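The structure under discussion appears below in the form of structure tokens.
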Amino acid sequence: MKTCIAFLVLLVCGSAQAATLTVCPSGCDYANPQAAVDAAKSGDIIEVSGGVFCLPNIIYKGITLKGGIMVAPCTPETLEKTRQEYAQSTASNPSDQAGRLLYSYDFSGSSTSETGASNVEKNGRMHITVPISNYMSYHGPNAQLFVKDFVAQIEATQEGGPNDNAYGLLLRYVDNDNFYRFSISGNGKYRIDKSVNDEYKEIVPWTPSNAIHKGRASNLIKVECKGKKFAFYVNGVKLRDSTDSSFSSGQVLVFANALSLAGVHISFDNLKVWAA
């Protein structure tokens, strides 16, 4: 079963006569986000605060939904677990948003496929297999979860295929043509680049690092993004600092990329995102 915990900022264009609907446990316009989404009109803004809620069924209505901690699937067990995690992060950061859990995603129960790749959940992990060369496949939460300043972390394992590969995180993903990309490879190298209007621009070229576990091994990948400043880590070792201002916010996704050789197979688990 997929569990998605989200600090949600769904950014969509609104009208000039937008109304603001509030959601909180008591004293607001609505007691849960779904009721507010159902009542909202195009251009309205829904502000969620004061607790952990079920992630609403979001159908495009031209609305902006922001704030709050939300979870899907919404069961008593997942709600209680999320409330405990949120309480712990809030207690350790009582006056500062930094360090609070924004969302986590364990990929279980999630399965998609596309031309040239297969993204399948197996044994609680997301497995991305790319059977053709020079092809990238990516995956992430089903909801459109935009974050601005954050720390993202993912557990990634090369299950098989050639070491001439690339896998890791897409950062501030706006759409298919605009995002940052932090890649590591089975041959012990890393790269940082970005796609701007479907044109790739290299920020840091492929660079070897002893911190990266080579071949069929697991790596813990982490990125800190705050404003135009970035810090990139693998297995607890900082590899590089960087600055870039092309994208201010977006989604966090995982990806696997076959380069010169086909057959890349990477699995992912425990995507976590905290406020920075």
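The values are calculated or read from the model by the stated rules, or taken from the named source; none is laboratory data. Since the structure is predicted, the reported quantities are computational estimates derived from the model, not experimental observations. Methodologically, a virtual Cβ is constructed for each residue, glycine included, from the backbone with ideal geometry; neighbour enumeration extends over all protein chains shown.
For (1) modelled with pLDDT under 75; (2) under 28 Å from A258 (Cβ atoms), each residue gets a yes or a no:
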| position | (1), (2) |
| --- | --- |
| T78 | yes, no |
| A91 | yes, no |
| A117 | yes, yes |
| V120 | no, yes |
| N134 | no, yes |
| L145 | yes, yes |
| V151 | no, no |
| A156 | no, yes |
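If L220 passes every condition in (1) of a type in the set (A, V, I, L, M); (2) within 17 Å of the chain's Cα centre (by Cα); (3) outside any strand (DSSP E or B) but one, which one does it miss?
(3)
Among the residues of the range 123-132, count how many are assigned to a loop (DSSP other than H, G, I, E, B) and either hydroxyl-bearing (S, T, Y) or at pLDDT below 90 (or both).
Adding up the residues that qualify gives 2.
Quickly run through the range 228-243 and pick out the residues that are under 19 Å from the mean Cα position of the chain (by Cα), buried (at least 16 other Cβ atoms within 10 Å of the Cβ) and farther than 13 Å from Q153 by Cβ.
Of everything in the range 228-243, just one residue is under 19 Å from the mean Cα position of the chain (by Cα), buried (at least 16 other Cβ atoms within 10 Å of the Cβ) and farther than 13 Å from Q153 by Cβ, namely F230.
Checking A35 against (1) modelled with pLDDT of 75 or more; (2) crowded, with 20+ Cβ neighbours inside 10 Å; (3) part of a helix (DSSP H, G or I), only one condition comes out false. Which one?
(2)
Of (1) outside the structural domain of A18 (by TED's automatic domain parsing); (2) closer than 24 Å to N32 by Cβ; (3) at pLDDT below 65, K61 satisfies all except one. Which?
(1)
For the range 208-227, indicate whether the set of residues that are more than 24 Å from S267 (Cβ to Cβ) and free of Cβ contacts under 8 Å to residues at least 40 places away in the same chain is non-empty.
no
Run G160 past the list (1) more than 23 Å from W274 (Cα to Cα); (2) free of Cβ contacts under 8 Å to residues at least 40 places away in the same chain; (3) surrounded by fewer than 20 Cβ atoms within 10 Å (Cβ to Cβ) and report the number of the one that doesn't hold.
Looking at each condition in turn, G160 falls short on (2).
Quick one: which of N257, N210 is assigned to a strand (DSSP E or B) and either in the same structural domain as R125 (by TED's automatic domain parsing) or not basic (K, R) (or both)?
Values: N210 fails: assigned to a strand (DSSP E or B).
Within the list N257, N210, the selection yields N257.
Among the residues of the range 190-199, which ones are farther than 17 Å from F230 by Cβ and either in a strand (DSSP E or B) or of a type in the set (F, W, Y) (or both)?
E199
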